[in-house]
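> Here you go, one structure.
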Amino acid sequence: MTQKLLIALVCLCIAGIGIATLAAVGLRPHLFPYPSLDRVFAFAVLGVLLGLAFPRHLQVVLLWLIAAAIALELLQFVRPDRDPRFFDAIAKIVGAVAGVGAAWIFANVAWRQRRA
């Protein structure tokens, strides 16, 4: 995949996560039986995409994702029908760490295969 395609996918993923996080509870999509798994999965996908788009800046990517997870939870204070929770932010952060970790593993495997 090219970096431009990855960045386009990142933008779509960010928009989807933002809409799902700030939308009314009844309008949120559910892929898994537990909402926490939805959060982990969404941020894991975003972490993989950002990690593959910027493999030399994984620390910055991870810090950005952690800040985004916290910011999205804090933005829920603005919505009267939403309730931000510490555990939700932790679930998003766990997903971000898993996604960036997967991107790091993929980048290292690809780099070693190129050297061999």
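What follows is calculated from the coordinates using simple rules that are stated; it is not laboratory data. The shown structure was predicted, so the numbers you read here are calculated from the model rather than taken from an experiment. Every residue, glycine as well, gets a Cβ built from its backbone with ideal geometry; the counts of neighbours run over all protein chains shown.
> Which whole-number percent is the relative contact order of the chain (Cα, under 8 Å, 6+ apart)?
This gives 34 percent for the chain.
> Oh, and also: Quick one, which of [x] 9, 12, 13, 10, 11, 10, 9, 8, 4, 3, 3, 4, 3, 1; [y] 15, 45, 25, 12, 3, 0; [z] 14, 44, 29, 10, 2, 0 is the actual P(r) over Cα pairs in 10 Å bins from 0, in percent calculated for this model?
The value computed from this structure is option [z].
> For V25, project a label point 7 Å along Cα to C-beta. Then give me every residue of region 70-100 with its amide nitrogen under 11 Å of that point.
81-84
> Cut-off 14 Å, label point 7 angstrom out along Cα-to-Cβ of S36: give me the residues of region 59-103 whose amide nitrogen falls inside.
Once the point is set 7 Å along Cα→Cβ of S36, 85-95 turn out to lie under 14 Å by backbone N, inside region 59-103.
> Mind giving me the FRET efficiency for I70 and W111? R0 is 25 Å, r the Cβ-Cβ distance, nearest 0.05 is fine.
0.20
> Moving to a separate point now. Charges only on Cβ, +1 for Lys and Arg, -1 for Asp and Glu: so what's the dipole of the chain about the Cα centre, in debye to the nearest 20?
500 debye
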